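Visitor: After the structure tokens below, expect a handful of questions from me.
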Amino acid sequence: MSEICRFIHAEKANYTVVLLCKVMKTARSTYYAWVAGAEAREARRGADEALAHAITVIHIASRRNYGVPRVTAELRRRGRPVNRKRVARVMREHGIAGNSRRTGRRSLTKADTKAAPSPDLIGRDFTATRPGTKIVGHITYIPTAEGWLYLASWLDLATREVIG
């Protein structure tokens, strides 16, 4: 809606506001409300720039580690009451981001990119008529306080029992 109001504001020297609003299918009250809010928008923009400066100072002081929650806490500790969502928006608009220690799911091994994928020996058919004809296996790891616990199992597809 602000694009329409900007257009009307730019063209009001050439045409009447009534005609422009009629052509753009916008109420005149919408345009005049937009004009009345211009000062408030400019004040908010200035306040956001000041906040962005304070966020940048905190972010650089943290060696570019702090994200939204810590920056918000630091701003509040310094006596600047600010909403977390506003800090997030200003940081996003200015390209400021904290470092994340956990970047996705890590694997214990590095995959060999040149190796051929394993063949599907059972053809995605997980049914069996007799026990012992189709056996599938799986290995997984479970994090514990003492380290990784590896769990391997064999499953008979006919009986659905773990056999090893």
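Each row is one residue, and each column tells you yes or no for (1) within 30 Å of residue 73 (Cβ to Cβ); (2) at pLDDT 85 or above; (3) part of a loop (DSSP other than H, G, I, E, B).
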position: 97; (1), (2), (3): yes, yes, yes
position: 104; (1), (2), (3): yes, no, yes
position: 115; (1), (2), (3): no, yes, yes
position: 128; (1), (2), (3): no, yes, yes
position: 138; (1), (2), (3): no, yes, no
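Visitor: Shifting gears a bit: Scan the range 126-141 residue by residue and report those that are closer than 29 Å to residue 109 by Cα and open to solvent by 70 Å² or more (accessible area, probe 1.4 Å).
Guide: Here is the first cut: in the range 126-141, the residues closer than 29 Å to residue 109 by Cα are 126, 134-141.
If the condition is that a residue be closer than 29 Å to residue 109 by Cα and open to solvent by 70 Å² or more (accessible area, probe 1.4 Å), then 126, 135, 138, 139, 141 are the ones that fit.
Visitor: Another one. Within the range 34-43, restricting attention to residues that are surrounded by 12 or more Cβ atoms within 10 Å (Cβ to Cβ) and out of contact with any Cys (no Cβ under 6 Å at 6 or more places or on another chain), which residue is nearest to residue 93 (Cα to Cα)?
Guide: 37
Visitor: Shifting gears a bit: Of everything in the range 142-164 that's hydrophobic (A, V, I, L, M, F, W, C), within 20 Å of residue 118 (Cβ to Cβ) and assigned to a strand (DSSP E or B), which residue is most open to solvent (accessible area, probe 1.4 Å)? Walk me through it before giving the result.
Guide: Step one: of the range 142-164, the residues hydrophobic (A, V, I, L, M, F, W, C) are 142, 145, 148-149, 151-152, 154-155, 157-158, 162-163.
From what is left, the residues that are within 20 Å of residue 118 (Cβ to Cβ) are 151-152, 154-155, 157.
If we keep only those that are assigned to a strand (DSSP E or B) too, we end up with 151-152, 154-155.
Details: 151: 90, 152: 67, 154: 142, 155: 51 Å².
For the range 142-164, the residue satisfying everything is 154.
Visitor: Under 9 Å between Cβ atoms, which residue pairs at least 6 apart in sequence (or on different chains) link something in the range 137-157 that is in contact (Cβ under 8 Å) with a residue 40 or more places away in the chain with a partner that is open to solvent by less than 90 Å² (accessible area, probe 1.4 Å)?
Guide: Taking only residues 6 or more apart or on different chains, the pairs are 148/108; 148/141; 148/142.
Visitor: Any chance you could count how many residues in the range 10-47 are in a helix (DSSP H, G or I), more than 29 Å from residue 86 (Cα to Cα) and of a type outside the set (A, V, I, L, M, F, W, C)? Write out each step before concluding.
Guide: From the range 10-47, those in a helix (DSSP H, G or I) are 10-11, 17-23, 28-36, 38-47; that's our starting set.
Remaining after also requiring more than 29 Å from residue 86 (Cα to Cα): 10-11, 17-23, 28.
Then drop every residue that is not of a type outside the set (A, V, I, L, M, F, W, C), which leaves 11, 22, 28.
Total satisfying the criteria: 3.
Visitor: Which condition breaks for residue 81 when tested against (1) under 30 Å from residue 162 (Cβ atoms); (2) without any contact (Cβ under 8 Å) to a residue 24 or more places away in the chain; (3) assigned to a loop (DSSP other than H, G, I, E, B)?
Guide: Residue 81 satisfies every listed condition except (1).
The values are calculated or read from the model by the stated rules, or taken from the named source; none is laboratory data. For clarity, every value in this text was computed on a predicted model and none was experimentally measured. Here the Cβ is made from the backbone with ideal geometry for all residues, glycine too, and neighbour counts use every protein chain on show. Keep in mind that these areas ignore ligands, DNA and RNA; they rest on the heavy atoms of the full protein, side chains included. Shrake-Rupley method; radii C 1.70, N 1.55, O 1.52, S 1.80 Å.
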